[in-house]
């Protein structure tokens, strides 16, 4: 074991720190913003779950829930930019995965305004995290990138929800919600 450690020591010492997100200087502000939610499992799970839940609720929820998420996420981003703190941002992002997964798994039916309010409240924390981790990016291009990626992830959830409903009934959507909730629980416990 000592030999292995000695053999690996030069490589470990020479390694540079891994970046969790793209550098806006090297890749551009839009690309850095676009990849921010795509590089985080917590963001992906929450955003896809919004689309899945929107399919469960149906009707106007198909547009209202994703729109509420993107709108509130933009507000959270603005709060971070002006320096207004939110409490427990990272724990709330992890909790959002768990909550949204449970809402899908249990096929919870809320009135449209209440569903949009739940989604929006959770999205506020996602947006704040995006703003706090913006680095040297240009705000509007960065915002455009992560807003587009978020909308696309919601769309993935909607398409997956429709496919599951068509080919497997509600049980597949509910099972996927349980998987999201399970992943959220693991993330909460690991965080």
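The values are calculated or read from the model by the stated rules, or taken from the named source; none is laboratory data. Small disclaimer: the values here were computed from a predicted structure and weren't measured. Here Cβ is always computed from backbone atoms with ideal geometry, including for glycine, and neighbour counts include all displayed protein chains.
Of the residues 135, 101, 169, only one is at positive phi and touching a residue at least 60 places away in the same chain (Cβ under 8 Å); which?
From the options 135, 101, 169, the qualifying one is 135.
Quick one: in region 104-119, of everything that is assigned to a helix (DSSP H, G or I) and touching a residue at least 40 places away in the same chain (Cβ under 8 Å), which residue is surrounded by the most Cβ atoms within 10 Å (Cβ to Cβ)?
119
State yes or no: is residue 45 surrounded by 21 or more Cβ atoms within 10 Å (Cβ to Cβ) and either closer than 20 Å to residue 183 by Cα or in contact with a strand residue (DSSP E or B) (Cβ under 8 Å, 6 or more places away or on another chain) (or both)?
So residue 45 passes the test.
Looking for something over 26 Å from residue 81 (Cα atoms) and modelled with pLDDT of 90 or more - is there at least one such residue anywhere in region 138-155?
Yes: region 138-155 contains one or more residues that are over 26 Å from residue 81 (Cα atoms) and modelled with pLDDT of 90 or more.
So which residues in region 53-66 are touching a residue at least 12 places away in the same chain (Cβ under 8 Å) and either crowded, with 17+ Cβ neighbours inside 10 Å or in a helix (DSSP H, G or I) (or both), if there are any at all?
Selection gives 53, 54, 55, 56, 57, 61, 62, 64, 65, 66.
Taking residue 87 as the residue in question, decide whether it is outside any helix (DSSP H, G or I) and farther than 19 Å from residue 158 by Cα.
yes
Restricting to region 172-191, and then to whatever is farther than 20 Å from residue 109 by Cα and touching a residue at least 12 places away in the same chain (Cβ under 8 Å), can you tell me which residue is surrounded by the fewest Cβ atoms within 10 Å (Cβ to Cβ)?
Once the filter is applied, the top-ranked residue is 191.
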